[in-house]
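Engineer: First the structure, then my questions, so here it is.
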Amino acid sequence: MKSDAIDSTWPSDDPTRVADNLQQIIHSDTYRLAHQDLALLNTSSMRGVRMLLEISKPELHFEEIGISSTIIVFGGARLKERSAAEAHLEKAIRELDTDPNSKQLQRKVSRAKKLLELSPFYDAAREFAFLASRFGQSDTSTRPCCSSHVIVTGGGPGIMEAANRGAFDAGCRSIGLNIELPHEQNPNPFITPELCFKFNYFALRKFHFVMRAVGAVLFPGGYGTLDELFEVLTLRQVGTQHAMPIILFGKDYWTRLIDFEFMADSGLIDDQDLGLIQFADTATEAWDLLRDHPLHP
């Protein structure tokens, strides 16, 4: 019984209020299953869970569709095919014409000319990926899609685009391991749709680059390319990565950029560490070096 001091109508007797409260319960963040609570998953305390998901998602998918081995292709995101490089240079020249004394615009033209000189590397990466995909990916009656020597790139523009494009031209699959960056980087349009992944953590992305790799081909690039080069060299040097070719494409470029002989002469690396690196100047040469190496996925 209610006392006279209490209102004659309890809140729980109001069906509208009860129904509204039930809806708030159902739609509350706390009522969501933990793995469906994005607010929870994005907290700092859940970083370990996010990292586990980022390791597991591609790995489970690769196993499911039978990717047995990959070939890494690294290279500069700023390298363009010749027509695009020519257009970039023409634009820089037009801008310089408006202010011929501008040091900044003069520098822009100079850099555009250099990128045009480097544009053949785009075509070479495309041709290499075509050869590796066309002649390296195995088809079977039980697994009709390409499963071995699958090209894997960072999924972005430049050399990455060229390599995915070469596999696309060959009618074969290729992988893109894209990364979420402060500035937008969309995946290039030549990646096999079900083999394009977005990462938040660089370290975990590196893990998937090397896990199934039977070789790495590195074209001219910037800090990211150099980072990946020394990553795979270090893994090979200390023996935590199985033996695989590490091919630097464009011997003149790489020997000018990095004096590996000087490192050995200085005693900072062993002479035999120089053998971890091979050079190629044509797509056919790079493919031959990889083709003739034992497969160790």
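The values are calculated or read from the model by the stated rules, or taken from the named source; none is laboratory data. Not measured: the values here are computed from a predicted model. Every residue, glycine among them, receives a Cβ derived from its backbone with ideal geometry; neighbour counts consider all protein chains shown. Keep in mind that these areas ignore ligands, DNA and RNA; they rest on the heavy atoms of the full protein, side chains included. Shrake-Rupley method; radii C 1.70, N 1.55, O 1.52, S 1.80 Å.
Engineer: Just checking, how many residues over region 50-68 are of a type in the set (A, V, I, L, M, F, W, C) and closer than 16 Å to residue 194 by Cβ?
Structural biologist: 4
Every residue, every condition in (1) closer than 22 Å to residue 115 by Cβ; (2) in contact (Cβ under 8 Å) with a residue 60 or more places away in the chain, yes or no:
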| position | (1), (2) |
| --- | --- |
| 213 | no, yes |
| 219 | yes, yes |
| 233 | no, no |
| 238 | no, no |
| 241 | no, no |
| 244 | no, no |
| 255 | yes, no |
| 269 | no, no |
| 275 | no, no |
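Engineer: Within region 161-178, is even one residue closer than 22 Å to residue 276 by Cα and either open to solvent by 20 Å² or more (accessible area, probe 1.4 Å) or at pLDDT 95 or above (or both)?
Structural biologist: no
Engineer: On the given criteria, is residue 140 of a type outside the set (D, E, K, R) and modelled with pLDDT under 85?
Structural biologist: Taking the combined requirement at face value, the residue satisfies it.
Engineer: Grab the helices (runs of 4 or more DSSP H) fully contained in region 1-107, keeping just those with 2 or more residues being closer than 30 Å to residue 231 by Cα, basic (Lys, Arg) and open to solvent by 100 Å² or more (accessible area, probe 1.4 Å).
Structural biologist: It comes to 47-65.
Engineer: I need every pair where a residue in region 105-120 that is without any contact (Cβ under 8 Å) to a residue 24 or more places away in the chain has its Cβ under 9 Å from the Cβ of a residue that is among the small types (Gly, Ala, Ser) and open to solvent by less than 80 Å² (accessible area, probe 1.4 Å), sequence separation at least 6 or different chains.
Structural biologist: These pairs meet every condition: 105/92; 108/92; 108/102; 109/92; 110/92; 111/92; 117/85.
Engineer: Would you confirm, using the coordinates I've provided, whether residue 209 is in a helix (DSSP H, G or I), under 22 Å from residue 291 (Cα atoms), open to solvent by 50 Å² or more (accessible area, probe 1.4 Å) and touching a residue at least 60 places away in the same chain (Cβ under 8 Å)?
Structural biologist: Here the answer is no, as residue 209 does not meet what is asked.
Engineer: Mind listing whichever residues of region 190-215 are among the hydrophobic types (A, V, I, L, M, F, W, C) and in contact with a Phe, Trp or Tyr (Cβ under 7 Å, 6 or more places away or on another chain)?
Structural biologist: Matches in region 190-215: 190 only.
Engineer: Give just the number: which of (1) out of contact with any Gly (no Cβ under 7 Å at 6 or more places or on another chain); (2) open to solvent by less than 70 Å² (accessible area, probe 1.4 Å); (3) modelled with pLDDT under 95 does residue 185 not satisfy?
Structural biologist: For residue 185, the failing item is (1).
Engineer: Could you check region 280-297 and list, in sequence order, the residues that are open to solvent by 60 Å² or more (accessible area, probe 1.4 Å) and either in contact with a Phe, Trp or Tyr (Cβ under 9 Å, 6 or more places away or on another chain) or more than 29 Å from residue 68 (Cα to Cα) (or both)?
Structural biologist: 281, 282, 284, 285, 291, listed by residue number.
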